[in-house]
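Accompanying notes for the structure given below.
The values are calculated or read from the model by the stated rules, or taken from the named source; none is laboratory data. Note that this is a predicted model, so its numbers are computed, not measured. Heads up, the Cβs are rebuilt from the backbone with ideal geometry, glycines too, and the neighbour counts pull from every protein chain shown. Calculation scope for accessible area: heavy atoms of the full protein, side chains included, ligands and nucleic acids excluded. Shrake-Rupley method; radii C 1.70, N 1.55, O 1.52, S 1.80 Å.
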Amino acid sequence: MDSADIANDLTEVLYTKDQIAARLAELAAEIDRDYADKNPLLVGVLNGAVMVVADLSRALKIHCEMDWMAVSSYGSGTQTSGVVRILKDLNAHLAGRHVIVVEDIIDTGLTLSYLMQNLATREPASLQIMTMFRKPAAIQVELDIAYVGFDIPNQFVVGYGLDYAGRYRNLTGVGILSPAIYS
Ligand code: PRP
């Protein structure tokens, strides 16, 4: 689905499919250099990261492996605790592995803050974060993020894995959702 297919649903296109692909190629080149001969394990956080992992892994020139986690946001109802429930854990053992956690977006940072603490206890050789999008104005916790695609405004964005009520993940670019859709 392209932005032209849902033109009335977006107030603005932030990044097109081609701009995302170009930025991903730059990040992949960095990861190629940083992880040569390390066979990194890309850990995708479902569901949003599916597109990023699929595209990043194919843009890499080095070998990598993939695994997936599913989490629920912030436990039972408390928005600020940052406690994340693991709905699906990894199949892979992390001990001694070079791990890159891959996200579509970091908003408050609470999900990854919790996840990174959890994954660090599994004794990986290294543990880094790659996110396609980040909202600097929304961040609530300090996170060391090795690879960032784009910093975006603190608005309701959809596309490239990001959803509203389950929809728009298959939009090839990323745009700001019109308030008319969700109000
Ligand atoms: C999104 C995104 C991150 C999280 C970031 O997932 O994929 O996992 O929110 O938000 P935070 O920085 O404020 O913690 P979401 O819970 O929307 O699930 P989804 O990936 O299935 O869309």
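Worth a mention:
- Only a single criterion out of (1) in a loop (DSSP other than H, G, I, E, B); (2) among the β-branched types (Val, Ile, Thr); (3) touching a strand residue (DSSP E or B) at 6+ places or on another chain (Cβ under 8 Å) is not satisfied by residue 158, namely (1).
- Residue within segment 107-129 that is in contact with a strand residue (DSSP E or B) (Cβ under 7 Å, 6 or more places away or on another chain), outside any loop (DSSP other than H, G, I, E, B) and within 22 Å of residue 22 (Cα to Cα) present: yes
- The set of residues in segment 100-123 being open to solvent by 10 Å² or more (accessible area, probe 1.4 Å) and aliphatic (A, V, I, L, M) consists of 105, 110, 116, 120.
- Within segment 160-181, residues that are without any contact (Cβ under 8 Å) to a residue 60 or more places away in the chain have Cβ atoms under 7 Å from residues that are more than 13 Å from the ligand (Cβ to nearest atom) in these pairs: 164/177; 164/181; 164/182, counting only partners at least 6 apart in sequence or on another chain.
- For segment 91-111, the set of residues classified as within 15 Å of the chain's Cα centre (by Cα), farther than 20 Å from residue 31 by Cα and hydrophobic (A, V, I, L, M, F, W, C) consists of 110 only.
- Residue in segment 111-129 that is small (Gly, Ala, Ser) and either within 15 Å of the ligand (Cβ to nearest atom) or touching a Phe, Trp or Tyr at 6+ places or on another chain (Cβ under 8 Å) (or both) present: yes
- Those strands (runs of 3 or more DSSP E) of segment 1-80 in which at least 2 residues are under 21 Å from residue 153 (Cα atoms), considering only elements entirely within it, cover 10-15.
- Against the criterion of being in contact with a helix residue (DSSP H, G or I) (Cβ under 8 Å, 6 or more places away or on another chain) and open to solvent by 30 Å² or more (accessible area, probe 1.4 Å), residue 129 does not qualify.
- Candidates 85, 97 - the one that is in contact (Cβ under 8 Å) with a residue 12 or more places away in the chain, among the basic types (Lys, Arg), more than 21 Å from residue 157 (Cβ to Cβ) and surrounded by 20 or more Cβ atoms within 10 Å (Cβ to Cβ): 97
- Where a residue in segment 52-72 is in contact (Cβ under 8 Å) with a residue 60 or more places away in the chain and over 21 Å from residue 114 (Cβ atoms) and its partner, wherever it lies, is hydrophobic (A, V, I, L, M, F, W, C) and open to solvent by 20 Å² or more (accessible area, probe 1.4 Å), with Cβ under 9 Å and at least six apart: 56/64
- Each residue in segment 47-79 was checked for being surrounded by fewer than 18 Cβ atoms within 10 Å (Cβ to Cβ), touching a helix residue (DSSP H, G or I) at 6+ places or on another chain (Cβ under 8 Å) and at pLDDT below 95, and 1 pass.
- In segment 11-32, the residues that are without any contact (Cβ under 8 Å) to a residue 60 or more places away in the chain and over 13 Å from residue 147 (Cα atoms): 18, 21, 22
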